[in-house]
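Data block below; observations after.
Coordinate-derived values only; no laboratory data. Just so you know, these numbers come straight off a predicted model, no measurement behind them. Cβ placement follows ideal geometry from the backbone for every residue including glycine, while neighbour counts extend to all protein chains displayed.
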Amino acid sequence: MDVKLAVGVLTFFGVIIGATLQYFFTKHVESLKHAKELKSKAYADYLDAISEDASYNHEIGSRAQKRVYAKIADAKARICLYGSSEVITAYSEFLALGGVFNSQKQKDAFTKMFSHMRKDSGGSEILNLQEIEIILLGHPNDDT
């Protein structure tokens with residue numbers, strides 16, 4: 001009878017321990033997934049906002065311009081909050097160069113930042129940054 005009781009008690013505690021471990025592992029995985037979603041959304045929102053700013057000639061001081069600048073500022077803050085150190089470093093290098101695409105050095109800094117954002121969001125690393133530059137900014141010899 002003592003053996004049956006011991007088996008029952010051990011089984012009970014095994015189930016309790018297993019359920020507890022499963023709960024904490026699931027919670028941890030969901031936390032990581034949520035952090036990745038926040039990070040990816042911040043990156044996508046930033047790219048969306050700068051694309052909107054570049055695509056439209058908003059009147060200086062207009063509501064539309066202020067709205068776009070507010071979106072950019074919000075995304076920047078979230079990038080600083082959730083972004084990886086590689087992304088933040090690449091982003092600060094791009095901004096230190098002026099945050100525009102007037103020179104090849106600025107374009108290189110932007111494509112490097114974009115590549116880090118992509119990798120940080122779960123994509124594979126792109127080794128040929130010129131491919132990103134052509135897709136996002138146009139051919140290097142174009143004025144697009």
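I'd like the residue in segment 34-51 that is of a type in the set (Lys, Arg) and over 17 Å from Ala73 (Cβ atoms) and, out of all such residues, is surrounded by the fewest Cβ atoms within 10 Å (Cβ to Cβ). Here the answer is Lys36. Per the listing Gln22, Gln65, the residue uniquely free of Cβ contacts under 8 Å to residues at least 24 places away in the same chain, in contact with a helix residue (DSSP H, G or I) (Cβ under 9 Å, 6 or more places away or on another chain) and surrounded by 10 or more Cβ atoms within 10 Å (Cβ to Cβ) is Gln65. Within segment 119-140, the set of residues being touching a residue at least 60 places away in the same chain (Cβ under 8 Å) and crowded, with 17+ Cβ neighbours inside 10 Å comprises Asp120, Ser121.
Taking the criterion of being over 30 Å from Ile134 (Cβ atoms) and not aliphatic (A, V, I, L, M), would at least one residue in segment 53-60 satisfy it? I'd like the intermediate steps shown before the answer.
Initially, segment 53-60 is screened for residues over 30 Å from Ile134 (Cβ atoms), giving 59-60.
Narrowing further to those that are not aliphatic (A, V, I, L, M): 59.
Yes, segment 53-60 has at least one match.
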